[in-house]
Amino acid sequence: MTFINYASREINCKIVYYGPGLCGKTTNLQYIFDTTAPQARGKLISLATETDRTLFFDFMPLELGTVRGFKTRFHLYTVPGQVFYDASRKLILKGVDGVVFVADSQEERMDANIESLYNLEENLQSQGYDLMKIPYVLQLNKRDLPNIIPKDELAEELKRKDEPVVEAVAASGTGVFDTLKAVAKLVLTELRKG
Amino acid sequence: MADTPILLRERQYHQIKAVLARLRLDSSAKVIFLVDKDGQEIAAQGEMGNLDTTSLASLAAGNVAATGGMAQLIGEKEFPTLSHEGERESIHISVIGRFLLIVVFDERSSLGLVKLRSKQVSQQIFTMIDEITQSGKDPDSPFAEITDEDIDSLFN
């Protein structure tokens, strides 16, 4: 939920990166963390297992600059992608302002993408949100791998509305900031409505 | 369909800061925060030093959300307070409506004192945050006129 502090002249918004296990959600945040000036971002907190799988969430605050005299801060979260962490995923969606769905473009992960997308719709609903109305961006990740589904085919399968679709290779940073920009723009545009 | 934004006015912010400052003195605490259940920091008071308040707020919210989920699994609505005691530093969290009052304290205080003082101010804080959450839409929102250029400029 957007929080506007008139005293410190700050807007805070919450963005959640969602998607199946190993699709690259944490990699998106890690790239943003690695390539952003330290004064513009806080620590990257990763609550992960010993094998570096996300256990609860990753979190990173990012300051983008000033709009109309207000500092804009985005709190970026990822959810754990593995199916059995569903209770945690629901909790992380509380108060969300915008969602990025990170799809894994590899053929063998198509079922996992679809399952995760249904899971997102269900979990949003359980928190009182509607995917059709919330600021939402679809990222097609891992476009550098050999066994990927063509962009149009993948987008047609996974698109839910007129959401922006961004091709990405999160590990090398391709599309990472385009995705962030697209979702931030939708969230800030939503603020116009009050 | 995002929620209505929380709007915190300057007067409300200073009122909250004053209550937190008083609580800090009364409980001999190091730092006191008010954050919302989504992990957004509302106000803080005390010896901040190098403390990463943003991360602390987010982790506290995650902590309360996780224990709240456990509470529901065993048939409780929520756990209204949480305490974590370390060797030197400790944390006490009280759930007040949709906000969390977080008290960080050390050997200069005690869990009993922090619990007592937190409980004493919780009604006052509840009344204040009720006013914030009831404030609804902002008729003079500075964001009503945000342009695409404003947004694009953030990324340049």
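Legend: calculated FRET efficiency, B:D152 to A:K159, from the Cβ-Cβ distance at R0 = 22 Å, rounded to 0.05, equals 0.35.
What is the mean number of Cβ atoms from other protein chains located within 10 Å of the Cβ atom of each residue in peptide A:68-78, rounded to a whole number?
On the way: counts 8, 1, 3, 0, 3, 3, 1, 6, 0, 4, 0.
Shielding by partners across A:68-78 averages 3.
Computed over the protein assembly as shown, the per-residue total of -39500 (n - 2.57) for DSSP H runs of n ≥ 4 gives a 222 nm mean residue ellipticity of -12000 deg cm²/dmol, rounded to 500. For the pair A:R68 and B:K115, label points projected 7 Å from Cα toward Cβ lie 4.6 nm apart.
With a Förster radius of 30 Å applied to the C-beta separation of A:S126 and B:S28, the computed FRET efficiency comes to 0.10. In sequence order, region B:13-29 has phi-based couplings of 4, 5, 4, 5, 4, 5, 5, 5, 5, 5, 4, 4, 5, 5, 9, 6, 8 Hz under the Karplus curve 6.51 cos²θ - 1.76 cosθ + 1.60, θ = phi - 60°, and Gly or Pro positions carry x. Among residues other than A:G19 with Cβ under 12 Å from its Cβ, the summed charge is +2 (Lys and Arg +1, Asp and Glu -1). Compared with the dominant principal axis of the Cα atoms in chain A, helix A:176-191 is inclined by about 50°.
Projecting the Cα atoms of A:L29, A:F3, B:L23 onto the charge dipole of the protein assembly as shown (Cβ charges, centred on the Cα centre) puts B:L23 farthest toward the positive pole.
Highest mean packing first, where packing is the average number of other Cβ atoms within 10 Å per residue, the peptides A:19-29, A:177-187, A:48-58 line up as A:19-29, A:177-187, A:48-58. Per residue, the Cα convex hull of region B:4-113 amounts to 113 Å³.
Counting only other chains, and only Cβ atoms inside 10 Å, what mean value do you get across the residues of B:36-44?
Taking the mean over all residues of the peptide, I get 6.
A simple spin-label model places pseudo-atoms 7 Å from Cα toward Cβ; at B:E85 and A:D178 they are separated by 5.5 nm.
Counts of other chain beta carbons within 10 angstrom of each beta carbon in peptide A:11-17 average 3. Checking the Cα-Cα distances for A:K159/B:K77; A:K71/A:K193; B:K30/B:K77; A:K142/A:K181; A:K25/A:K94 against a 27 Å cut-off, the pairs over it are A:K159/B:K77; B:K30/B:K77. Quotient of the Cα radius of gyration of the protein assembly as shown and 2.2 N^0.38 Å, N being its number of residues: 1.00. What the pair-distance distribution of region A:3-191 shows, using all Cα-Cα distances binned every 5 Å from zero, is 1, 8, 17, 22, 22, 16, 9, 3, 1, 0, 0 percent.
The 3J(HN,Hα) values that the Karplus relation (6.51, -1.76, 1.60; θ = phi - 60°) gives for region A:72-78 are, in residue order, 9, 10, 10, 9, 9, 10, 10 Hz. Gly and Pro appear as x. For a paramagnetic label modelled on B:A21 (point 7 Å from Cα along Cα→Cβ), amide N atoms under 19 Å away belong, within region B:79-111, to B:102-104.
Read-outs throughout are calculated quantities, based only on the coordinates presented, and are distinct from any laboratory measurement. Since we're looking at a predicted model, the values are computed, not measured. A quick note on method: Cβ atoms are made from the backbone with ideal geometry, for glycine too, and the neighbour counts reach across all protein chains shown.
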